[in-house]
Amino acid sequence: MASVTVPTPETCSVTFWMKMLVGMRRPVMLCGPSGTGKTQIVNGMLSEFNPADILSSTINFNFYTTSAILMTTMVNDYHHYHHHYL
């Protein structure tokens with residue numbers, strides 16, 4: 001059941017604008033309370049791309065996320081990708 005998404009006017013709007021921004025190679029960040037479908041919307045859009053063409057990483061934020069933790073996570077993801085796939 002977790003793979004079923006019921007489109008609403010809000011999710012359709014967010015998906016439309018997100019696809020427009022990604023198509024223009026602009027960054028996208030979705031913000032909102034937990035359980036509102038942010039990850040589901042992004043994963044749905046990413047599943048439409050060829051994995052050989054698009055590299056993505058999910059970084060979950062919470063109250064304790066600092067800029068140092070974010071930077072460490074991003075660097076670790078980059079090094080993991082660089083070491084295993086290049």
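The values are calculated or read from the model by the stated rules, or taken from the named source; none is laboratory data. Computed from a prediction, not measured in an experiment: that's the story for all the values here. Backbone-built Cβ (ideal geometry, glycine too); neighbour counts: all protein chains shown.
Could you please let me know if Thr11 is in a helix (DSSP H, G or I) and touching a Gly at 6+ places or on another chain (Cβ under 9 Å)? Answer is yes for this residue. Answer yes if at least one residue in the stretch 35-49 is of a type in the set (Lys, Arg), free of Cβ contacts under 8 Å to residues at least 40 places away in the same chain, exposed (fewer than 12 other Cβ atoms within 10 Å of the Cβ) and in the same structural domain as Thr11 (by TED's automatic domain parsing), and no otherwise. Checked the stretch 35-49: no residue is of a type in the set (Lys, Arg), free of Cβ contacts under 8 Å to residues at least 40 places away in the same chain, exposed (fewer than 12 other Cβ atoms within 10 Å of the Cβ) and in the same structural domain as Thr11 (by TED's automatic domain parsing).
If the condition is being surrounded by 11 or more Cβ atoms within 10 Å (Cβ to Cβ) and closer than 24 Å to Pro33 by Cβ, then the stretch 62-73 contributes Thr65, Ile69, Leu70, Thr73. When the stretch 14-31 is filtered for residues that are in a loop (DSSP other than H, G, I, E, B) and either exposed (fewer than 10 other Cβ atoms within 10 Å of the Cβ) or in contact with an Asp or Glu (Cβ under 6 Å, 6 or more places away or on another chain) (or both), the ones remaining, listed by number, are Met24, Arg25, Arg26, Pro27, Met29, Cys31. Of the residues making up the stretch 61-86, those that are in a loop (DSSP other than H, G, I, E, B) and modelled with pLDDT of 80 or more are Phe61, Asn62, Phe63, Tyr64, Thr65, Thr66. Against the definition (closer than 27 Å to Phe63 by Cβ and of a type in the set (Gly, Ala, Ser)), how does Gly35 come out, yes or no? So Gly35 passes the test.
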